[in-house]
Amino acid sequence: MNAGPSSGQAPGFAAGQQSSPDLLGVNQDPWTGGQGPQVLTAFSVEDWSVTATDTDPSDAPGEVLTYPDASFNYYQLDTQASGYTTPPAQYDLNNITSLTSDFTESMPQISDLNAEAAYDLWLNNWQTEIMVWVDTSPAKDRNLADDGMTKVGTYTYSGQTFALWRNGSGITGFYVFLLNHNETSGTVDLKAMLETMVSLGFIPATSPLTQIPFGWEVSDTGGKPVTFSLSRFEVSLQG
């Protein structure tokens, strides 16, 4: 099917409320309206694939067109009283002692493919976006200065080294942790990364989790169908 804009609110649900009983989702997430056909086949949040056909727009080269992903939706944990946006206090960063995630994905090695496999963390009721790039395609530009971002520094977590980039600053900034090599399978220490953000003054220590997705940002498949697949996605949170 073609990935397009949402068809509207599901009957019987309040704005923002989701139907998944275990707070998990698999999502098309088209962003621009300029994406091509996208077919998603899902058996579970840990077993799904997507075939995307996209062409880099001439008026916005390198623009992300779609982000098919699986997600842990912490904003669903509260009730209608909060508008389904504020998770309970145990999901505030300062009340979390450990937050790690495991992933296994397949990135096609096609010369003109422009995409990356990445987490796209949201905190503070959708105000703070922090991406974690773990695998980039052959045509992906890894120099984020080309996108107007500023390199903050380099940090190592459990033997993995990431460069931290930012666009803007503070709670409404956009941030990217870029792994210094490509991994199609691994474990990331999200808690340690978020503690770095706190130590740098970018986010409050009390920041609540909103959503943790993992998927592929796709900018260009060379106009040909390209299939990405995921076979593991787990988030382990301890309070």
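Could you identify the single residue in 100, 86 that is within 22 Å of residue 158 (Cβ to Cβ), open to solvent by 10 Å² or more (accessible area, probe 1.4 Å) and either hydroxyl-bearing (Ser, Thr, Tyr) or not in a loop (DSSP other than H, G, I, E, B) (or both)?
Of the residues listed, the single one that is within 22 Å of residue 158 (Cβ to Cβ), open to solvent by 10 Å² or more (accessible area, probe 1.4 Å) and either hydroxyl-bearing (Ser, Thr, Tyr) or not in a loop (DSSP other than H, G, I, E, B) (or both) is 100.
Kindly establish whether residue 145 is under 25 Å from residue 63 (Cβ atoms), of a type in the set (Gly, Ala, Ser) and touching a strand residue (DSSP E or B) at 6+ places or on another chain (Cβ under 9 Å).
The answer is yes for residue 145.
For the stretch 176-190, check the following and say yes or no: at least one residue is β-branched (Val, Ile, Thr) and crowded, with 20+ Cβ neighbours inside 10 Å.
yes
Is there a residue in the stretch 111-124 that is among the aliphatic types (A, V, I, L, M), out of contact with any helix residue (DSSP H, G or I) (no Cβ under 7 Å at 6 or more places or on another chain), without any contact (Cβ under 8 Å) to a residue 40 or more places away in the chain and open to solvent by less than 40 Å² (accessible area, probe 1.4 Å)?
no
When you go through 29, 56, 92 one by one, which is the residue that is on the phi > 0 side of the Ramachandran plot and in contact (Cβ under 8 Å) with a residue 24 or more places away in the chain?
On the way: 56 fails: on the phi > 0 side of the Ramachandran plot; 92 fails: on the phi > 0 side of the Ramachandran plot.
On inspection, the qualifying residue turns out to be 29.
Could you say whether any residue in the stretch 60-79 is under 26 Å from residue 238 (Cα atoms), touching a residue at least 24 places away in the same chain (Cβ under 8 Å), open to solvent by less than 40 Å² (accessible area, probe 1.4 Å) and in contact with a helix residue (DSSP H, G or I) (Cβ under 8 Å, 6 or more places away or on another chain)?
yes
So how many residues does the stretch 1-53 have that are of a type in the set (D, E, K, R) and either at pLDDT 90 or above or in a strand (DSSP E or B) (or both)? So that I can check it myself, show each step before the final result.
Filtering the stretch 1-53 down to residues of a type in the set (D, E, K, R) leaves 22, 29, 46-47.
Narrowing the set further to residues that are either at pLDDT 90 or above or in a strand (DSSP E or B) (or both) leaves 46-47.
Residues flagged as of a type in the set (D, E, K, R) and either at pLDDT 90 or above or in a strand (DSSP E or B) (or both) within the stretch 1-53 amount to 2.
Being of a type outside the set (Ser, Thr, Tyr) and in contact (Cβ under 8 Å) with a residue 12 or more places away in the chain is the filter here; which residues of the stretch 147-169 pass it?
147, 148, 149, 151, 152, 160, 162, 163, 164, 165, 166, 167
Quick one: which strands (runs of 3 or more DSSP E) lie wholly within the stretch 139-207 and hold at least 3 residues that are over 22 Å from residue 95 (Cα atoms) and under 17 Å from the mean Cα position of the chain (by Cα)? Show your work before the answer.
On the way: elements: 150-157, 160-167, 174-179, 185-189.
Once the strands (runs of 3 or more DSSP E) in the stretch 139-207 are filtered for at least 3 residues that are over 22 Å from residue 95 (Cα atoms) and under 17 Å from the mean Cα position of the chain (by Cα), what remains is 160-167, 174-179.
The values are calculated or read from the model by the stated rules, or taken from the named source; none is laboratory data. Quick caveat: nothing in here was measured; it's all calculated off a predicted structure. Positions of Cβ are backbone-derived with ideal geometry, glycine not excepted, and every protein chain shown enters the neighbour counts. Surface accessibility is based on the protein's heavy atoms, side chains included, excluding ligands, DNA and RNA. Shrake-Rupley method; radii C 1.70, N 1.55, O 1.52, S 1.80 Å.
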